[in-house]
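What follows is a set of notes on a single structure, which appears directly below.
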Amino acid sequence: CGGEIMITIRQAAAKDVVAIRDIFLACYGTDYSPRYYDEDQLTRLVYSDDSLLLVAEDTESGEIAGTASVELEVGARSDLVAEFGRLAVHPAFRHRGVGNLLMSERLLRVQDRIQLGFVEARMTHPYALQIAELHGFALIGFLPSRWGRLKQRENLVLLARHFGNAQQLRKNHPRVIPEIYPLAHLALENCAISPDVIVDEDAPAYPPQGTFEEQDLTTEGYASLLRIERGRVRHREIFGPMRLHYGVFKLQARRSSYLIAREDGRIAGAVGFTVDPGDKAVRIFELISLHDEVIRFLLTNIERTWTGKLGGPAELVEIDVSAYAPRMQRTLLELGFLPVAYIPAFAFDEVERLDVVKMFRLPAPPEVNIEALAPRYRTLADLVLRRFRTRSVLPRVAAAVHRLPLFAGLIAEQVTRLAGVCGTASFEPGKTIFREGETDYRMHVVLEGEVEIAVARSSTPVGVVCDGECLGEISLLTGAPHSATATARTYVETAVLEHADLAELIRLRPDIGLHIYRNLAVGASEKLKRMDVSLASDHWPRPLPKSVVS
């Protein structure tokens, strides 16, 4: 297939099904979703009104060079949201612009039918990412462990593009909890929307109150549930591709289920979700509530229902929450969900389009090599993954609070906010944490192990820092070079506080900043006195209890 070729892009027909299947096999082997190898299911895609399936044909030979699709029913019916997915070019036709032609034709055919399009691109296929960005799709999220059809779960990048008057219809000034704000700000900037997000520090989670009975949705309970207006039509806080009023038949056809909560015999609320056994994933798409007390009950007890349907725990739970509902955001955060994407103008509600926060719950922090990512993806991925890493370190920081001078005087809520901006790091014995004279704008709180401190003007180490103590506060605050070298004496784990994260936290919470600066000033003064004593002494190692080493 060398030389110049002429490509025609057209809508797929039944005669193309075998060629489309062969392209998926050539591109992905047998690891791709099984339904894209099944000729009957591919034929249904060809004739479906809910999707557009295109092929790229070599005009001279008649060979099918590539295929691409658009799923037009990704959001609810009125949301006008589409997913640009399954772009695959046969290896024999790559690097000839076929992918760009397929993307251009998709945009041309659907741009008048949608207001938001998005792409979920695999990190292992940068070609698809490049095509999406070339055609105006902007980075809005990093989806760790999103793709579960392969031997190992893969990470995806989420990109979006607005069409028509979508941005003009967007509702201004979303209210988000602090843990969501950095991701929201970045996504809005990437979409060329002036960031107007308001941080809500005070929104409480929904209360864990009330006693309710559980049951699955039946046709008997369907009508009663429809009558509950709050949560179904007004003040929607959870969004998804299905809603109760679509009807029992369509809900069942989409493998959707509802868990109902009854109070004194009457229905008080319900939560709708879908289960994907092949992907071992769950998506919560609707929450209906008669009053606030039932909300947390439903979100907490739904896990038992999907565990039974999956035959075990879920590897991924996904939910899209309103960016104007900080109480729901806080509740989900407390239940283990973390933000992975911010989608401006995603859902249509009455006369406006609402921003949505995509949140994931994973059984363990995902393992991702940030340094292997391209720089433009690294910042976004780090924002997302830091929350997952922090989730694992928070209990350890909380347990060590009484031993950490940095946290002195902080109440529980302030401790959680400060610990929430910390990352984590680990060092094998003998590994250098930082060197005298270097600058890295960060501080370490030792959670486990011992760190040896040395200075150039001394022939022997001047002390040992143990768990509960801090390293590097001067570099954190002023950017000055480190005054000593810190080396792991044993295996060491630390919570890491970056200068940029501390500055942003203090901007939002000056009350926390007052405590931090006071504690660091006191610690630095005591540390200098102890180091002078250590340098004058012939004995080492001299423990530096409650010290702060810069």
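The values are calculated or read from the model by the stated rules, or taken from the named source; none is laboratory data. These numbers come from a predicted model, not from an experiment. Cβ atoms come from the backbone with ideal geometry, glycine included; neighbour counts cover every protein chain shown. When the accessible area is computed, the model is the full protein with side chains, heavy atoms only, and any ligands, DNA or RNA have been set aside. Shrake-Rupley method; radii C 1.70, N 1.55, O 1.52, S 1.80 Å.
Quick check: anything in the range 157-168 touching a Gly at 6+ places or on another chain (Cβ under 6 Å), hydrophobic (A, V, I, L, M, F, W, C) and surrounded by 21 or more Cβ atoms within 10 Å (Cβ to Cβ)? Don't jump to the end; show me each part of the working.
Within the range 157-168, the first condition is being touching a Gly at 6+ places or on another chain (Cβ under 6 Å), and the residues that meet it are 158, 161.
After this cut, where a residue has to be hydrophobic (A, V, I, L, M, F, W, C) as well, the list is 158.
From what is left, the residues that are surrounded by 21 or more Cβ atoms within 10 Å (Cβ to Cβ) are 158.
Yes - at least one qualifying residue is present in the range 157-168.
Taking the options 334, 436, 428, 413, name whichever one is closer than 26 Å to residue 299 by Cα, open to solvent by 50 Å² or more (accessible area, probe 1.4 Å), over 18 Å from the mean Cα position of the chain (by Cα) and of a type in the set (Asp, Glu). Reasoning before the result, please.
Numbers: 334 fails: over 18 Å from the mean Cα position of the chain (by Cα); 436 fails: closer than 26 Å to residue 299 by Cα; 428 fails: closer than 26 Å to residue 299 by Cα.
Exactly one residue qualifies, and that residue is 413.
In this structure, is residue 452 open to solvent by 50 Å² or more (accessible area, probe 1.4 Å), among the charged types (D, E, K, R) and either in contact with an Asp or Glu (Cβ under 8 Å, 6 or more places away or on another chain) or in a strand (DSSP E or B) (or both)? Please lay out each step first, then the result.
Details: open to solvent by 50 Å² or more (accessible area, probe 1.4 Å): yes; among the charged types (D, E, K, R): yes; either in contact with an Asp or Glu (Cβ under 8 Å, 6 or more places away or on another chain) or in a strand (DSSP E or B) (or both): yes.
It is true that residue 452 is open to solvent by 50 Å² or more (accessible area, probe 1.4 Å), among the charged types (D, E, K, R) and either in contact with an Asp or Glu (Cβ under 8 Å, 6 or more places away or on another chain) or in a strand (DSSP E or B) (or both).
Of the residues 403, 442, 457, only one is more than 21 Å from residue 491 (Cα to Cα) and open to solvent by 10 Å² or more (accessible area, probe 1.4 Å); which?
On the way: 403 fails: more than 21 Å from residue 491 (Cα to Cα); 442 fails: more than 21 Å from residue 491 (Cα to Cα).
Going through 403, 442, 457 in turn, just one is more than 21 Å from residue 491 (Cα to Cα) and open to solvent by 10 Å² or more (accessible area, probe 1.4 Å): 457.
Assess whether residue 381 counts as being part of a strand (DSSP E or B) and open to solvent by less than 10 Å² (accessible area, probe 1.4 Å). If you could, list the steps in order and put the result at the bottom.
On the way: part of a strand (DSSP E or B): no; open to solvent by less than 10 Å² (accessible area, probe 1.4 Å): yes.
Judged against the criteria, residue 381 is not a match.
Which condition number in (1) at positive phi; (2) in contact (Cβ under 8 Å) with a residue 12 or more places away in the chain is the one that residue 342 fails?
Here residue 342 clears every test but (1).
Of the residues that make up the range 4-13, is at least one farther than 24 Å from residue 147 by Cβ and at pLDDT below 85?
At the first step, the residues of the range 4-13 found to be farther than 24 Å from residue 147 by Cβ are 4-11, 13.
Those still in the list that are at pLDDT below 85 too: 4-5.
Yes, the range 4-13 has at least one match.
Taking only pairs six or more apart or across chains, which ones have beta-carbon atoms under 7 Å, a first residue in the range 68-93 that is farther than 16 Å from residue 110 by Cβ, and a second residue that is open to solvent by 30 Å² or more (accessible area, probe 1.4 Å)?
76/243; 78/348; 90/26; 91/26; 92/1; 93/1
Taking residue 294, is it open to solvent by less than 10 Å² (accessible area, probe 1.4 Å) and either touching a Ser or Thr at 6+ places or on another chain (Cβ under 9 Å) or of a type in the set (D, E, K, R) (or both)?
On the way: open to solvent by less than 10 Å² (accessible area, probe 1.4 Å): yes; either touching a Ser or Thr at 6+ places or on another chain (Cβ under 9 Å) or of a type in the set (D, E, K, R) (or both): no.
It is false that residue 294 is open to solvent by less than 10 Å² (accessible area, probe 1.4 Å) and either touching a Ser or Thr at 6+ places or on another chain (Cβ under 9 Å) or of a type in the set (D, E, K, R) (or both).
Would you check which residues across the range 460-498 are open to solvent by 30 Å² or more (accessible area, probe 1.4 Å), not in a strand (DSSP E or B) and not hydrophobic (A, V, I, L, M, F, W, C) and list them?
460, 467, 478, 481, 483, 489, 490, 491 - these are the residues of the range 460-498 that are open to solvent by 30 Å² or more (accessible area, probe 1.4 Å), not in a strand (DSSP E or B) and not hydrophobic (A, V, I, L, M, F, W, C).
Take residue 130 and decide whether it is assigned to a loop (DSSP other than H, G, I, E, B) and open to solvent by 30 Å² or more (accessible area, probe 1.4 Å). Even if it seems obvious, please write down each step before you answer.
Numbers: assigned to a loop (DSSP other than H, G, I, E, B): no; open to solvent by 30 Å² or more (accessible area, probe 1.4 Å): yes.
Considered against the rule, which asks whether it is assigned to a loop (DSSP other than H, G, I, E, B) and open to solvent by 30 Å² or more (accessible area, probe 1.4 Å), residue 130 comes out as no.
How many of the residues in the range 259-278 are open to solvent by 10 Å² or more (accessible area, probe 1.4 Å) and either of a type outside the set (A, V, I, L, M) or under 18 Å from residue 320 (Cβ atoms) (or both)? Walk me through how you get there before you give the answer.
Kept after step one, since they are open to solvent by 10 Å² or more (accessible area, probe 1.4 Å), are these residues of the range 259-278: 262-267, 274-278.
Within this subset, residues satisfying the condition of being either of a type outside the set (A, V, I, L, M) or under 18 Å from residue 320 (Cβ atoms) (or both) are 262-266, 274-278.
Of the residues in the range 259-278, 10 are open to solvent by 10 Å² or more (accessible area, probe 1.4 Å) and either of a type outside the set (A, V, I, L, M) or under 18 Å from residue 320 (Cβ atoms) (or both).
Suppose we filter 80, 72, 108 for residues that are at pLDDT below 95 and open to solvent by 50 Å² or more (accessible area, probe 1.4 Å); which single one remains? Steps first, please.
On the way: 72 fails: open to solvent by 50 Å² or more (accessible area, probe 1.4 Å); 108 fails: at pLDDT below 95.
After ruling out the rest, the residue left standing is 80.
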